[in-house]
1. In the stretch A:286-306, which residue that is assigned to a strand (DSSP E or B) and touching a residue at least 60 places away in the same chain (Cβ under 8 Å) is nearest to residue A:340 (Cα to Cα)?
2. Where in the stretch A:322-370 are there strands (runs of 3 or more DSSP E), lying fully within it, with 1 or more residues that are under 25 Å from the mean Cα position of the chain (by Cα) and among the charged types (D, E, K, R)?
3. Do we find a residue being within 14 Å of chain B (Cβ to nearest Cβ) and either under 12 Å from the mean Cα position of the chain (by Cα) or under 17 Å from residue A:281 (Cβ atoms) (or both) anywhere in the stretch A:143-160?
4. Only one of (1) over 18 Å from residue A:113 (Cα atoms); (2) more than 14 Å from chain B (Cβ to nearest Cβ); (3) of a type in the set (Asp, Glu) fails for residue A:71. Which number is that?
5. Can you name the residue in the stretch B:57-74 that is more than 12 Å from residue B:19 (Cβ to Cβ) and more than 10 Å from chain A (Cβ to nearest Cβ) and is also surrounded by the most Cβ atoms within 10 Å (Cβ to Cβ) among such residues?
6. Within the bounds of the stretch A:289-309, is there any residue that is farther than 29 Å from residue B:62 by Cα and in contact with a Leu (Cβ under 9 Å, 6 or more places away or on another chain)?
7. Just give me the residues in the stretch A:53-72 being exposed (fewer than 15 other Cβ atoms within 10 Å of the Cβ) and either aliphatic (A, V, I, L, M) or in contact with a strand residue (DSSP E or B) (Cβ under 9 Å, 6 or more places away or on another chain) (or both), in sequence order.
Amino acid sequence: YSIFPGNSGWRKSELTYRIVNYTPDMAAAEVDAAIQRAFQVWSDVTPLTFTRIYNSVADIEISFAAQVHNDFYPFDGPHGTLAHAFAPNNGIGGDAHFDEDETWTSGSRGYNLFLVAAHEFGHSLGLFHSSDPSALMYPTYHFIEPSEFHLPDDDVRGIQSLYGAREVPEVPMVPEQPSTPSSCQPITFDAVTTLRGEILFFTNKTFWRQISQESQAEHHLIKTFWDALPNHIQAAYEYQDKDQVLVFKGAKYWVINGYEVTKDSPKSIYDLGFPRTVRRVDAAVHDENTGKTYFFVGDKFWSFDEKKQAMDSVTPKKIIDGLPGVGSKVHAAFQKNGLLYFFDGHRQYEFNAAKKRVTRVLKSNSWLKC
Amino acid sequence: FPAETPQDSEENAKFAEEYLKNYYNLKTDGVRQGRKKSGSQISEKIRQMQDFFGLEVTGRLDSDTMEMMHQPRCGFVDVGE
């Protein structure tokens, strides 16, 4: 991360914001929600509070405009520059401007206002751009499902270097009420992998461990087993030839040998041959039959030759072209008994690579003995 | 990448110059600078951008550099004031 030289941020922690106008691309309520959520990204990890005001000038004024718009930085039409914001100060300081020539959305078709606003408010609070490709303050845009968004560690360190951490009020521990293991409710896994015959299902800070077909799944904190791993991992796969599991988050990956995380972790995904425009891996699976590892990014997949340790030049390919019937996105995958299993939301597709087709559609938690 | 036509490279150079002015404080203050001087200045700014994004630092507009320059992004500078 980096901060503005000579600008240590706002000298107060209660800040105000005003939405000066709206984009016609979204309902006003959607814009309100996206902006409020984007401020919450920063208030969740600092003592800062953000109060919306309506009838007077706020610390952070938010507006939509196109081309020249009464500052020295005209916008440039569709794409290219999406938005900009000004460092903490009086007047225009802290304000955030969004290019009305873009298509704004609360989904993924167009530019997601929540994601862009969260980045711009980082500037409004005193953060500069980060060169960490996993960081929110990285200059280029890439879509993340807002419900899966977690402020990356680099940004947390940056904003807390300016404002400190948020004091979390002591909450008396309430003994957890016994309830149906939450693995039996519809669930979306962050990542799934095998490990020496077991299957691990990762979600948020925990994972379910399916030791065998007959046993009840165990539920553990990730850090209980591998303290060096981050929470909210995004992809994982086992490469049995080396008795390794590779775990991905952002533009980094960690190598696990059983209970050990190797000393030279984390490594950069760009060492595997990804272009710099890739900022994260959504899913990964090694196919023992072909010796290839498949990496899923957005609506495409790359195939990696483990023997040559290089990406196959025929990829990336569209998921819908290479894996008919699996859909356009994959956010977790693993292989068991020669079959590939791809997860999308609460669904799981069993795929027979030899026949090149889906053989079953299952619930995502079908392996967890519900 | 198909071999660039002279026109491609002219367009790329223009696009890149605009990009470097916006985000890397490239100064072309309108006065026609010596071709040699402005060339080395642009090459230096390309190196700065390649270094920031972890690209191979060549000082030239290779395909990875052009692809990164075409990514939608924030309007704030990456280095400097």
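Every number here is computed from the coordinates shown, using simple stated rules; none is lab data. Source: prediction; values computed, not measured. As a convention, Cβ positions derive from the backbone with ideal geometry for all residues, glycine included, and neighbour counts pool all protein chains shown.
1. A:287
2. On the way: elements: A:332-336, A:339-344, A:347-352, A:357-363.
Per the criteria, A:339-344, A:347-352, A:357-363.
3. Scanning the stretch A:143-160 turns up at least one residue that is within 14 Å of chain B (Cβ to nearest Cβ) and either under 12 Å from the mean Cα position of the chain (by Cα) or under 17 Å from residue A:281 (Cβ atoms) (or both).
4. (2)
5. B:59
6. no
7. At the first step, the residues of the stretch A:53-72 found to be exposed (fewer than 15 other Cβ atoms within 10 Å of the Cβ) are A:53-57, A:67-72.
Answer for the stretch A:53-72, where residues must be exposed (fewer than 15 other Cβ atoms within 10 Å of the Cβ) and either aliphatic (A, V, I, L, M) or in contact with a strand residue (DSSP E or B) (Cβ under 9 Å, 6 or more places away or on another chain) (or both): A:53, A:54, A:55, A:56, A:57, A:67, A:68, A:69, A:71.
Listed here are the residues, each with its yes/no results for (1) of a type outside the set (Asp, Glu); (2) more than 10 Å from every other protein chain (Cβ to nearest Cβ); (3) assigned to a strand (DSSP E or B).
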site	(1), (2), (3)
A:37	yes, yes, no
A:41	yes, yes, no
A:50	yes, yes, yes
A:56	yes, yes, no
A:91	yes, yes, no
A:97	yes, no, yes
A:114	yes, yes, no
A:134	yes, yes, no
